[in-house]
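Novice: Starting off with a structure, shown below.
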Amino acid sequence: MSAGTVLLWRHGRTAHNATLRLQGQVDIPLDDVGSRQARAAAAALVATTKPAAIVVSDLGRAAATAGFLAELTGLEPAIDARVRERSFGLWEGLTGEEISAGWASEYAAWRSGGEPENVGAESRAVVAERMVASITEHAAGLGPDDALVVVSHGAAITLAVTALLGLDVMGWKGIAGLTNAHWSELRRNPAGMEPSWRLFGHDLGPSTSIDEWNAGTALA
């Protein structure tokens, strides 16, 4: 048995998101816009999906985002550190300009699709492996008509979606990152079909203008 639907929901905006700082595993809270994004997104999510279970990263911005969904559903989110953001080591908290100034060649290689070298970052493969393990484990306790919501982070979700679709997380870069407080929806393929999951929707959410959403001007 497994959940028939998995929603991978990115947390709302933080001050680091607003100032284009690489967040990684820095435990920074939602800002005011992020809280309003999460509240609006939770309402949009339950308007189309009835979650059977919520799994959430152990980082505060994800927990706060999940809290708005918990209020609407009455579900208690299960905290799982395996769905936390990818670690970027020494680069966490820095802007692209600051990283480039200190690690010019490493930054250029990363921006070209390589791995961050010599900074203590997690590899894509390691992040994808822990994300898929968590999602698979939590989905296994649910039925085919159930939906699992995983409240996580941008890079971690991109890698999870790539891996769940049976694609190469080290070489395939065909999925854009999620907007804050938006989600990807995957649905289970019939038994025996590969890959086990198919992408049903990506960057889903209540926004009509991404620029207005990011700035908070479209929120109550």
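The values are calculated or read from the model by the stated rules, or taken from the named source; none is laboratory data. This structure is a prediction, so every number in the text was calculated from the model and none was measured. Please note: Cβ atoms are built from the backbone with ideal geometry, for glycine as well, and neighbour counts cover all protein chains shown. Just the protein is used for accessible areas: all its heavy atoms, side chains included, with ligands, DNA and RNA removed. Shrake-Rupley method; radii C 1.70, N 1.55, O 1.52, S 1.80 Å.
Novice: Restricting attention to segment 192-220, and to residues there that are farther than 23 Å from Gln23 by Cβ and of a type in the set (D, E, K, R), which single residue is surrounded by the most Cβ atoms within 10 Å (Cβ to Cβ)?
Specialist: Arg198
Novice: Can you find a residue that is within 18 Å of Gln23 (Cβ to Cβ), modelled with pLDDT of 95 or more and hydrophobic (A, V, I, L, M, F, W, C) anywhere in segment 130-142?
Specialist: yes
Novice: Looking at segment 50-61, is at least one residue farther than 15 Å from Val151 by Cβ and open to solvent by 30 Å² or more (accessible area, probe 1.4 Å)?
Specialist: Among the residues of segment 50-61, at least one is farther than 15 Å from Val151 by Cβ and open to solvent by 30 Å² or more (accessible area, probe 1.4 Å), which makes the answer yes.
Novice: While we're on this one: Just the residues that are among the charged types (D, E, K, R) and either under 20 Å from Gln37 (Cα atoms) or part of a helix (DSSP H, G or I) (or both), please, taken from segment 54-88.
Specialist: Asp58, Arg61, Glu71, Arg82, Arg84, Glu85
Novice: What are the pairs with Cβ atoms under 6 angstrom where one residue, in segment 162-191, is within 26 Å of His16 (Cα to Cα) and the other, located anywhere, is acidic (Asp, Glu)? Sequence gap at least six, or different chains.
Specialist: Leu178/Asp203; Thr179/Asp203; His182/Asp203
Novice: Right, Gly120: more than 17 Å from the chain's Cα centre (by Cα), part of a loop (DSSP other than H, G, I, E, B), touching a residue at least 60 places away in the same chain (Cβ under 8 Å) and surrounded by fewer than 22 Cβ atoms within 10 Å (Cβ to Cβ) or not?
Specialist: So Gly120 fails the test.
Novice: When the residues of segment 143-170 are filtered to those that are open to solvent by 50 Å² or more (accessible area, probe 1.4 Å) and in contact with a Lys or Arg (Cβ under 8 Å, 6 or more places away or on another chain), which remaining residue is modelled with the lowest pLDDT?
Specialist: Met170
Novice: Within segment 179-220, which residues are in contact with a helix residue (DSSP H, G or I) (Cβ under 6 Å, 6 or more places away or on another chain), among the hydrophobic types (A, V, I, L, M, F, W, C) and in a loop (DSSP other than H, G, I, E, B)?
Specialist: Ala181, Ala218, Leu219
Novice: Can you confirm whether Arg82 is closer than 29 Å to Val6 by Cα and out of contact with any Asp or Glu (no Cβ under 7 Å at 6 or more places or on another chain)?
Specialist: It is true that Arg82 is closer than 29 Å to Val6 by Cα and out of contact with any Asp or Glu (no Cβ under 7 Å at 6 or more places or on another chain).
Novice: Sticking with this structure for a sec: Quick check on segment 124-142: of everything there that is under 16 Å from the mean Cα position of the chain (by Cα) and of a type in the set (D, E, K, R), which residue is most open to solvent (accessible area, probe 1.4 Å)?
Specialist: Per the stated criteria, the residue is Glu129.
Novice: Ok, one more. On the basis of being free of Cβ contacts under 8 Å to residues at least 60 places away in the same chain, over 18 Å from Trp183 (Cα atoms) and not small (Gly, Ala, Ser), does Leu30 make the cut?
Specialist: Taking the combined requirement at face value, the residue does not satisfy it.
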